[in-house]
Structure formats: C-alpha cells, structure tokens
Amino acid sequence: MSTTATATPTSAQPYALLTPDTVLNALESVGLRGDGRLIALNSYENRVYQVWLEEPVPHGVSVVAKFYRPQRWTTAAILEEHAFVAELAEREIPAVPPMTLSGKTLNEFEGFRFSVTPRLSGRSPELDNMETLTWMGRFIGRIHAIGELRPFADRPTLNIESFGIEPRAFLLDNNFIPTDLLPAWSSVSAMALDGIREIFGRVGTVKSIRLHGDCHASNVLWNDSGPHFVDFDDCRMGPAVQDLWMLLSGERDAMQGQLASIIKGYEDFCEFDDNELKLIEALRTLRLLHYSGWIARRWHDPAFPAAFPWFNTQRYWQDRVLELREQIAAMQEPGLRITG
C-alpha cells in the first residue's frame, strides 16, 4: 500500500468552520434571510447549498449558494468567471450568472467568499439523441463566438504543463503510487505525456479562446426551453474542442455520428477548426492525469476520502495503468473526422 502525503495545517479541513448557521448568516449578511432549510448539492471542489428563503426573490423561493474553496482562485479570477457568465447571459445565451447582492456578485463572510445564483430546475441532456446534440452544439457555438472576442486575463490556460506534467509530479513526489506499481505507472504516464506532446506538436498552433472548460452532461440542465449551462468554475483559455469532446461516448462510429450532429449546430454560430479534432485523445489523456492529481491534492479534505473511497487503492492504480496504456494506443489512431 502507498502512504499519502501529510496535509499542512493551513489546508486541512478547509470547510470545518462552514456550518449550516454560517451559511444562513452569510446569506442574511447580503439581505437573503433563509427559513432554516438547506441541502448540500453535489460538489466537492466548492461547497454548494440550495437554501430556501423566508421571502421569495424574483427567481423563486430558493437560491443556490456557492462557497469557494479557500486559496484556490484569486478574487480577480472568480470575478472574471462571473463577468464571462454575465456577458453570455446578456447575449441571451442560457448561462446562469450570480446575483448582485450588496452591490457585488462575490461577497465574503467569516473568511469564506461566496456567490448566490437563482435555482434552476432541469435534467441531464439525452446525449444519445442527435437532435439534442445539435441543440447543444448550437449553444456551445454561441458561447464560443463570445469567448473568442477577448482573452481571459486572470483565468488559467489548459496546457500540458498544468493538466499533465504537474499532476504527475505531484502524485510521484507525494508517494501516492503503490511501491509495486510505481515502475509501471511512472513509465506509462511518461509515455502518455510523450504521446500528448507529439500530437500537440503535429497539430501546431490552434486558437485559444475562453471556454466553459468542464462541459459534460452534469454541467448542463435541460428543461422545456433547452440546455442551460451551469458551473463555470473551471472556465479557462483553451482550444474549442475541449468543450465538445466530453459530449462524445461509445465506439468510434458512434462518436463520429455524435460529432457530426454537434458540429452541425455549432457552425450555425461559430466556425470550427477541423484540425483540433486530432487533439481529442490527447485532451482525454490529460484529463485522466489531471483527475487523479486533483483527488490527490484534495485528499486532506475529509469530503474526498468519503466520496472517493476507491482512490489510492491497489485496484485503482492497476486500472489507471491499463487506462493509460489504452490511451497511448488511442492517441496513435487517426483522429475523428467531421462527416455529412
């Protein structure tokens, strides 16, 4: 078995002081008085709650309060996220910006920075429906048409260093890999990074735009009016295809058809560079490395061992070795093409 890194005192239990009373008092400090009911929503990086109010706001009787993980983002980076979402909403793109409370979208209470958004109801989109994918592509195209107007100044960029090299180094430096699997994982992860570099080098320069950054089905709510994009917490600069490939699933032929439907809608509003399709498997591999590194960096937070009990087990790392080997093979295959 591996041994995990010892958490530093400043990062241990970052939300220990965020009690239900603190949540309610924070909202009351900006003029929203809760009636005592709140439930935690599915979020690990931040803490997010649905809170019912004594007096309804224009959007309904409850709101969603998001308390940002301390020391993760600068205030400037959070405000840039808020500004981007507001910019999309102003163009009638279905994104949900934070409410302005006490003259600000980002407030602070007892050391916790927080924002409040209207509660939006909906379900996950049916990504096996080609009409749904075209609809999704249409709205992502609209997001990207705005995203390419100007760059972020304070948000990060998706690149090999931050999504691949740094997570790998953190896992190795902090003894997360079981000793008997260390040679295999170290070797295969290095080979995966070589494959990623080769693909990025072959593709060459691609346009980097403002992205949602984490555009998968769980971050889209679908209702009678169509898709609504939520949780821009990972918005960053990067290639447009990053917001498309996570909507694809299944065998190659299935993904080919899904991609055609997405691009059909996307190009109604924004031109897509077909050359970026060669990046899909490299981006998928980067996400796999980044995901393991993300859980490892948060392992001191008690919510993470509870939510991911299978992480850092022998079986987990055996599966990661196999997964990376499969990705190395996938990166050697021809990229998807836009057909139809």
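The values are calculated or read from the model by the stated rules, or taken from the named source; none is laboratory data. Bear in mind that the values here come from a model prediction, so they are computed numbers and not experimental data. Glycine gets a Cβ as well: all are built from the backbone with ideal geometry, and neighbour counts include every protein chain shown.
Computed values, structure above
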| quantity | calculated |
| --- | --- |
| Residues located in segment 143-168, provided they are surrounded by 15 or more Cβ atoms within 10 Å (Cβ to Cβ) and more than 22 Å from Leu283 (Cα to Cα) | Ile146 |
| Ser62 being touching a strand residue (DSSP E or B) at 6+ places or on another chain (Cβ under 7 Å), more than 18 Å from Asn219 (Cα to Cα) and surrounded by 19 or more Cβ atoms within 10 Å (Cβ to Cβ) | yes |
| Ala306, sole failed condition from (1) modelled with pLDDT of 95 or more; (2) assigned to a helix (DSSP H, G or I); (3) surrounded by fewer than 18 Cβ atoms within 10 Å (Cβ to Cβ); (4) hydrophobic (A, V, I, L, M, F, W, C) | (1) |
| Residue in segment 102-125 that is more than 29 Å from Glu28 (Cβ to Cβ), at pLDDT below 95 and more than 21 Å from the chain's Cα centre (by Cα) present | no |
| Number of positions in segment 243-280 that are assigned to a helix (DSSP H, G or I) and over 21 Å from Gln332 (Cβ atoms) | 12 |
| Subset tally (residues that are within 24 Å of Val116 (Cβ to Cβ) and surrounded by fewer than 17 Cβ atoms within 10 Å (Cβ to Cβ)) for segment 227-267 | 1 |
| Residue in segment 294-303 that is farther than 30 Å from Pro70 by Cβ, out of contact with any His (no Cβ under 6 Å at 6 or more places or on another chain), in the same structural domain as Ala184 (by TED's automatic domain parsing) and among the basic types (Lys, Arg) present | no |
| Any hit, segment 35-45, residues being surrounded by 13 or more Cβ atoms within 10 Å (Cβ to Cβ), touching a Leu at 6+ places or on another chain (Cβ under 8 Å) and among the aromatic types (Phe, Trp, Tyr) | no |
| Matching residues, segment 182-215, being surrounded by 17 or more Cβ atoms within 10 Å (Cβ to Cβ), within 24 Å of Ala330 (Cα to Cα) and in contact with a helix residue (DSSP H, G or I) (Cβ under 6 Å, 6 or more places away or on another chain) | Ala184, Trp185, Val188, Ser189, Ala192, Leu193, Gly195, Ile196, Ile199, Val203, Cys215 |
| Per-region count, segment 215-232, residues assigned to a strand (DSSP E or B) and among the charged types (D, E, K, R) | 0 |
| One residue from Leu79, Leu88, Leu171 being surrounded by 19 or more Cβ atoms within 10 Å (Cβ to Cβ), part of a helix (DSSP H, G or I) and not assigned by TED's automatic domain parsing to the domain that holds Glu323 | Leu88 |
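Residue by residue, here is whether (1) at pLDDT 95 or above; (2) assigned by TED's automatic domain parsing to the domain that holds Leu106; (3) not in a strand (DSSP E or B) holds:
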position	(1), (2), (3)
Ser2	no, no, yes
Ser11	no, no, yes
Tyr15	no, no, yes
Leu27	yes, yes, yes
Ser43	no, yes, yes
Tyr49	yes, yes, no
Leu53	yes, yes, no
Pro56	no, yes, no
